[in-house]
Amino acid sequence: MNPARVTSVVDTYTQTRFGESSDVRFALYLGIVGIRVVRIIESLGLRIVSGICERLIKDHRFTRSGLPDLLVWNSLTKRHKFVEVKGPNDRLSPKQILWLDYLLSIGCSAEVEYALYDVMMDTEVESYIKSNIRWEKLPKTVKEYLGMNPKTYDRAVIEFSVRNQLRHKGSLVGKIRRDPEQYYTELLEFSKENLMLYPYHLQDMLVKGLRITPFQYYVGMVQRIVQQEKNYDCLPNFTAADCLRLLGLGRNEYIDLMTECRTGRRMFKRMKSVREHLPSLPIDIRIDPWWIVQLGYLTQDDLKQVNTEERALINSLMNAEGKQAKTLHFASVHSLYSKGLIYLDVPVSPSDAVFVPPLEGFVMNRLMGDYFEKHGTPRVQQGEPDADMLVKGLRITPFQYYVGMVQRIVQQEKNYDCLPNFTAADCLRLLGLGRNEYIDLMTECRTGRRMFKRMKSVREHLPSLPIDIRIDPWWIVQLGYLTQDDLKQVNTEERALINSLMNAEGKQAKTLHFASVHSLYSKGLIYLDVPVSPSDAVFVPPLEGFVMNRLMGDYFETLLYKIFVSIDGLTTVGELSGILNIEPQQVEHAVSMFYRLGFVQKTGSAYQLSEDDLTPCHPSWLQDYRPPSNRASTSPDAKKVIEADDQLLEEISAALADEPQTEGVAMDGLASLPLSESNSTLASAARAKRTALLFDSTLTAILMMGNLCGGLKSHAVTMFEVGKLTDESLDAFLSELDTISSVGEEEGEAERFFSFALNLREALKFLRGASPLGTQQIDLIRIESLQTLDPEITIKLLAKNYSLLLSLAPLSCETLLPLPPSTVPHLGPPLTEANSVWMKLLIYHLTGSGPPTLLLPQGARLRALPRALARYPCLQLCLGNHDPVVIQTSHALNHLNESCLHATACVQGWLPGNIQTRYLAFPLQVVTTSGCVERIAQDLQDHLGLQHTCGYLTFVNLCRHAKDRGSSMLRKSPPTARVIEDPEKTDLLSKELELLAESAEEQWVLSDCSFGLPLMDKELSSQVCDSIVEKGLGKVEHLETLMATNEGLSSRLKEFIRRWTEEEGGKEKVLIPDFIKKKLPLGSLPPPTQPLLFTEGQLRVWSERRDII
C-alpha cells in the first residue's frame, strides 16, 4: 500500500466533507492525529478497513456498539490486534461476541484480555495492611503501584480498616487516623450506608464511647433505606435477621412502614373538618315496647336502601297514625330510626306516676336558662308535639339537630359546660359524646385549625425501644455509657445491678437480676458480649427468623456465609479456623453473631446449656428464664418431649424456691437433668464420621413450594441457606415428613412434590434404620453451598467428617461437584462432567445405542439440520449446563443459531407429549430376560464398572416416531381374525411374531446414565436401596474399590473429552473464535471445538456440506 496515496485520500475527504456527518470526528484527521490514522490504515490494510466500514454502514444502529476496547498496531511491522478488556467477573455481551467473530472472519487479530494485575496488587496491598506494615517497609513494586505516594497508602489503610471494621487500637489505622472517635464514626457511617451488620466486636468503643447501640444503629439504617425507597430485599440476610431480632421488623412490617410513609410523601395532608370527626349515624338507643313509632320523611332513594323486613314495616305504617314498637320487628325499628326514616313518640297520660331511679348518663352542667331546661324538658325531644313537623316536614331528626349544635360550639371553641344538663344528656344518648369525648374532639380540631398538619417522619413510625430479645445465662453483661439523667430513670433493682458492674469487667447474665438485665438493655445502658471458646462445637438447628435475601456484599456477611455452611456439629471453633484458614478471632466473632441471632446451638446439649452454665445463678433466672429448644417439629412426640422438659425445669425451680436465696445460688438440683450423662455419649458419637447425603437446590424448592406441611418450611430454609441439615435435626425433619398425607389426592406438579417428599422419607428411614452404609448418622448437604468454599477447604471438611458420600439423583445439569473422586468415597457422579452431555456421548459411543445427538460449539452457525434430526417432529435442546427443553423441529434452526451465540448447544431427536420411558437400576440384579435393554445395560456396566456404584439408566422409545420408519409399526390388527389350522403356517407365524417382538424391543434406546439414589420413582428408589445392601456398597472393604472405580471412570471420561476437543486429528473443522476457547468461567465444562454428531450407533465430526438435506 502506498502511504502517500492513503494520506491523499484522507486529506481530500476531510477537506471536502468536513462537518457534513455528525458521526465522523473530522478533527481527528488533522495534524498528528491524522498521521496516526494513516498509520492505522496502513497496519490494518484496505480490505480490513473496508470490511469494518461496510458492516458499520449496513446496520449502523446495531453495530455502532460492541467494538473492542483497544486497537494496538505497529506501523513498522504492519501488525495489529483488537483487544477487548474485561475485569475478573466481567463477561462478553452478544454484540461484542458478534464483532469479535466478524473481525476474525475478515482476517483481523482479536482477543479478550482479563485485567488481573490490579486485583493481584490490591490483594498484596491488603496483606501488608493486615500485617501492619508501614510505608517505609513496603517493597518497591508496591510503592510504584501506589504511585510512590504515601498518602495513597494511608487512604488505602483507612478504607480497608473501615470496610473490614478493624479496631482502632492495635492496627495500622491507629497510627494514621489519630482520633478514634472520628474513625469509629466514619466506620459506623460506612457500615450503615452499605447495610452491614452492627460490629458487635467493637461494642465497648461504640456503646461506651459513641453511645450507639445496635438498636439505634438499625433504626438509622432502616430510616435511611425507607427514605431512599429501597426494597426490603436490599438488606443482606444476616443484617435483615438482626433487624428482625431487635426491631421486630420483617418483610411484612417493612412493607407496611413503606406504605405508611409513601402516603405522607408531601409531609402534609388535609385535616378532617369538625363534621367529619362527629359520628355519621346515631348510636343504638333504648326503645321501650310501649313507645309509638311514627313514619318520617321518605323518598324513592330511601326506599332503595331498606331490606324486606324494613319495607314491610314502612308499609304497615303508611295508613296508620303510629304503632307501638312492641308490635313491630325489633331490629327494623332500630335500623330505620338510625337512618332517620321514623321517629318515636313517648306517650304520657295524666294518670301516669313516675319516679327518678339512680341517674346514669346525667351531665352535671348547672345551666338553666331557657324555658324547657327549667321545666326539665329538652328543647327537641321525640315526645314533643312538634316533632312530627320537624321530622316529616323539615327532615331534621334529633341526631342531625345535635350534630349541628356540637359542630357550632366546637367551631366557636366553647367549653363543654356551655351545654345545659338535659341537652348534654340527650347528646350523650344519641351521639355518644360526653365530656371526655368532647375534649378529644376539641383537641383534634385545634391541632388542625390550619386544616393541614405535618405527617409523621420515618423515625416516628419506627419503634422507640428494642423488642424483648433472648439473653442466655452465660452471656457477659457490660456497662455502657451512663449519665445522671439515665440514673434517674432506673429503679432500685436496676441501680443495684449498675453498681455491681461499676468495678467489674463484666458479669455473666445468670448472676444478675433477670428482668433488670432485659430492662437496662432495652434502655441502652448495658451491652452484651457472647463469649466463644476454641473448644466449642455448634450445629445449626432448623432456622426460624431467617430472612432469605440472597445478598452478600461486605466482608463480614461473606465470612458469615463461609462459616455458616461449614458448621457441622463435629468440628470445634478452633478446628474450623484451621480448616478455613481464617483467623480464630474472626471465627469466634462469627459464631458469636450466630448465637445472638439464635441460629446455632452447642453440640451435645438439648438445652444449649451445660451444668456450669446455670450454676450458680440469680433466683430470678429460675423463675423467668426459658432455655431455647428446637420447636421446629410439630409432631406429638416432639411436643411431649418439650412439655416434659419445661415441666422438669419448673419442678426444679419450685424446689429451689424454698431454699434460702442469695445472689448466687448453687443449683444442686440440676443433677437430675440428664445433661452430663448425655453429653459424654453425644460427644463420643459426634467424633465418629458420618455419611453425607448430597442434594441440590431442586430438593429445597420442592419442600418449600410444594405446600406439603407447615413445619417443613423451617427445615427447607435451613437446607437452602445453611446448605446442611445435620443428624441432630433429622428426627424432627422425619417427624414432619411423617405428617404428609399419601399421594393420590393430588394432581400434576403437586403429585410430583408429594411423591418426592414421601420417597425422601422412606429413603432416609431405610438408610438410618438398616444402617447399610456402616453408620446411622446422616447429614444432608446441599452441593451448591460447598461451591462457596475453596476446593481445598471443601476437601478438608468432607474428609474429616464423612466416611462416605451419597448423592440424590438426578442432580441438576448446573450442579458442579466441588471435589475430586480420590478424596472421599462417593456413591454418585464421580466428577462434574458425569452430569453433562459429554457423559451421554460417552455411553452412546460405548454401547452404540442412543437418540440422534448433535453437539454444537459456541459460535457455530447452521444452514440446515442434519438428516438424522430432521426426521423427528420435535427436538430436545440443552444449552450449556442448563436443563433441556423440547422445541418444534420446524422452528429449531433459527433457535439454534441464536442460542449458539451465547453457549454450546446439544440437540437430540425427540417426540411431543409424554415420552415412553423405562428405568433400570444398577448394580444390575440377576437378569432373567435377555432383551435389548438388558443387553445394553450389561454392556455398559462391563465398560464402566457400574457394579461398584449405584444409580439408574434411562431408556426411551423413539424409533416409531421417526418419519423414515413410517407408521407401519404402529398399525393395529384387524378387528376380526381368521383361525389358522395348518401346523406349518402356525410355526411360520410364531417365528414371525418372535421377530416382530424382537424388533419392537429394539426400539428402546439408551438416553442417560444417572449416579446416586433416585427419588422421583418409589419402585426405582427401592431397587437402588436393595442393591446397596445386597452388594454391600457402603461397607468399609468396598470403599477402596468404589474410589478406584470413580477414578477409572473419571479418567476415561476426561480422555474421551480430550480426544474430541483437541484441535489435531480432525478432518472437518469449523471456525471457532479463539476468544471463546481461551477464556472460560471457573468450574465450567470443557466446550466442544467442532460439531459432533451421534447417529446409527457411531459418533463422528459432522460436516454440514456433506449432510445437507
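Restricting the search to segment 229-250, which residues are touching a helix residue (DSSP H, G or I) at 6+ places or on another chain (Cβ under 9 Å) and in a loop (DSSP other than H, G, I, E, B)? Answer for segment 229-250, where residues must be touching a helix residue (DSSP H, G or I) at 6+ places or on another chain (Cβ under 9 Å) and in a loop (DSSP other than H, G, I, E, B): E229, K230, N231, L235, P236, L249, G250. Among the residues of segment 878-891, count how many are closer than 17 Å to G913 by Cα, surrounded by 14 or more Cβ atoms within 10 Å (Cβ to Cβ) and aliphatic (A, V, I, L, M). The total comes to 2. When segment 282-319 is filtered for residues that are in a helix (DSSP H, G or I) and acidic (D, E), the ones remaining, listed by number, are D301, D302, E309, E310. Listed by position, the helices (runs of 4 or more DSSP H) enclosed by segment 827-946 that each have at least 2 residues that are without any contact (Cβ under 8 Å) to a residue 24 or more places away in the chain and either of a type in the set (A, V, I, L, M) or in contact with a Leu (Cβ under 9 Å, 6 or more places away or on another chain) (or both) are 892-899, 932-944.
Of all positions in segment 528-537, at least one carries a residue that is more than 29 Å from the chain's Cα centre (by Cα), under 21 Å from R211 (Cβ atoms), at pLDDT 85 or above and among the charged types (D, E, K, R). Scanning segment 494-506 for residues that are surrounded by fewer than 17 Cβ atoms within 10 Å (Cβ to Cβ) and charged (D, E, K, R) turns up R495, E505. Among the residues of segment 131-155, those identified as assigned to a loop (DSSP other than H, G, I, E, B) and in contact (Cβ under 8 Å) with a residue 12 or more places away in the chain are N132, I133, R134, L138, L146.
When D386, D352 are checked against the criterion of being closer than 26 Å to N421 by Cβ and modelled with pLDDT of 80 or more, D352 stands alone in meeting it.
Residues considered: E544, E557. Of these, the only one that is touching a Ser or Thr at 6+ places or on another chain (Cβ under 6 Å), surrounded by fewer than 23 Cβ atoms within 10 Å (Cβ to Cβ) and at pLDDT below 80 is E544.
Return the residue satisfying two criteria in turn: it lies in segment 182-214 and is within 23 Å of T483 (Cβ to Cβ) and not in a helix (DSSP H, G or I), and of such residues it is farthest from the chain's Cα centre (by Cα). Selected residue: R211.
Whenever a residue of segment 713-724 is touching a residue at least 24 places away in the same chain (Cβ under 8 Å), its partners that are among the acidic types (D, E) and surrounded by 23 or more Cβ atoms within 10 Å (Cβ to Cβ), lying with C-beta atoms within less than 9 angstrom and at least six residues away or across chains, give the pairs S714/E736; H715/E736; K724/D568. Name the single residue that is nearest to the chain's Cα centre (by Cα) among those in segment 418-438 being charged (D, E, K, R) and at pLDDT below 80. Only one residue tops the list, namely R429. Pairs are defined by a Cβ separation below 6 Å, a sequence spacing of at least 6 or placement on different chains, a first member in segment 89-101 that is part of a helix (DSSP H, G or I), and a second member that is surrounded by fewer than 12 Cβ atoms within 10 Å (Cβ to Cβ); the pairs so defined are K95/S65. Scan segment 43-78 for residues that are farther than 15 Å from G107 by Cβ and either among the aliphatic types (A, V, I, L, M) or over 49 Å from the mean Cα position of the chain (by Cα) (or both) and the total you get is 9.
Among residues of segment 762-799 being in a helix (DSSP H, G or I) and of a type in the set (D, E), the one that is modelled with the highest pLDDT is E762. Does V162 fit the bill of being touching a residue at least 60 places away in the same chain (Cβ under 8 Å) and within 28 Å of A241 (Cβ to Cβ)? No, not satisfied.
Scanning segment 237-250 turns up no residue that is closer than 25 Å to D122 by Cβ, of a type in the set (D, E, K, R) and crowded, with 18+ Cβ neighbours inside 10 Å. Scanning segment 33-79 for residues that are in contact with a Leu (Cβ under 8 Å, 6 or more places away or on another chain) and either at pLDDT below 80 or surrounded by fewer than 13 Cβ atoms within 10 Å (Cβ to Cβ) (or both) returns G34, V37, R64. From Y254, Y217, grab the single residue that is more than 21 Å from the chain's Cα centre (by Cα) and either in a helix (DSSP H, G or I) or touching a residue at least 12 places away in the same chain (Cβ under 8 Å) (or both). Testing whether each residue is more than 21 Å from the chain's Cα centre (by Cα) and either in a helix (DSSP H, G or I) or touching a residue at least 12 places away in the same chain (Cβ under 8 Å) (or both) leaves just Y217.
Listed here are the residues, each with its yes/no results for (1) among the basic types (K, R); (2) at pLDDT 80 or above; (3) closer than 28 Å to N1046 by Cα; (4) touching a helix residue (DSSP H, G or I) at 6+ places or on another chain (Cβ under 7 Å).
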site	(1), (2), (3), (4)
H891	no, yes, no, no
N897	no, yes, no, no
H902	no, no, no, yes
Q916	no, yes, no, no
A921	no, yes, yes, yes
C932	no, yes, yes, yes
L946	no, yes, yes, yes
N957	no, yes, no, no
G966	no, no, no, no
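The values are calculated or read from the model by the stated rules, or taken from the named source; none is laboratory data. The structure displayed is predicted, hence computed values, not measured ones. Neighbour counts are summed over all protein chains in view; Cβ atoms, including those assigned to glycine, are modelled from backbone coordinates with ideal geometry.
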